[in-house]
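Let me begin by presenting the structure, written as structure tokens, before commenting on it.
The values are calculated or read from the model by the stated rules, or taken from the named source; none is laboratory data. Just so it is clear, the model here is predicted, and its values are computed rather than measured. Here the Cβ is made from the backbone with ideal geometry for all residues, glycine too, and neighbour counts use every protein chain on show.
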Amino acid sequence: MPERLNIPDPRKLRNLVQYRDLTDDEFEAVFEERYSDERDTKEAIKSFEEEIDRKIVEFGEDYDLSDLKINDREILRALVQATLSLEHLELWLYKQRQADEKLGMDNILVFDKVNKVLSDLRSDISKLQGDLKITRKIRQSDKTESVLAYLDDLKEKARKFYESRMMYVTCPKCNQVLFSGWFLFPKAKNKLTFTCSRVIEDENTLCGNVFSITSEELLANKGFNNLDVIPEGMR
């Protein structure tokens, strides 16, 4: 923080020997002459501090400043000061360009130096931002979109997990799907026996095919007992 200037209370100075015989108007003139610069400086410092506080509040709206340590706060203050300096210089440069229809060599040199300062300030701001490592706050709409995207991603992962574990058994005789599911321990000695009860409409007969298969056989065949009858998109 900058050093605060202390302007004395004029009522306390009024009774000093050197001011005692002065009229009120004379004393006010002497006091104003002596301390006007300090008062102006004090007001400028106060205004500058208020501007810094305002800018820090603005940063707090976009960045998470809740866990800053003391050295981080010093870096934040330096960042804010550099940002304010950049804004003021850019505004000054804009006003100068608007006021000067014709640019002389002197103006060009001044503008060149100011642009160099602007470039240095931008570099300092970028470095300070990197040192500070503050992250942008996620706005409510972004949070909602993020949650929805997370749920969609979760559903997609669940679908892939489900499909990667699912096994399908079709009847070797008529290709009817008889079973879909998964095994908790597919590499164990799990054996399934099926009896196909599909009615073959053209022949008006019951398929009646009886067959057995193990989970290990299905696992070795990508989860199917007969890949030839399975669409490519399911394999």
If I filter region 62-75 for residues that are out of contact with any strand residue (DSSP E or B) (no Cβ under 8 Å at 6 or more places or on another chain), of a type in the set (S, T, N, Q), under 28 Å from Gln129 (Cβ atoms) and modelled with pLDDT of 75 or more, do I get at least one hit? yes
Spot the failing condition for Glu3; the list is (1) at pLDDT below 65; (2) assigned to a helix (DSSP H, G or I); (3) exposed (fewer than 13 other Cβ atoms within 10 Å of the Cβ), and only one is missed. (2)
Given (1) at negative phi; (2) assigned to a loop (DSSP other than H, G, I, E, B), index of the condition Phe211 fails: (2)
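Just to be sure I understand, how many residues within region 182-191 are surrounded by fewer than 13 Cβ atoms within 10 Å (Cβ to Cβ), touching a helix residue (DSSP H, G or I) at 6+ places or on another chain (Cβ under 9 Å) and not basic (Lys, Arg)?
2
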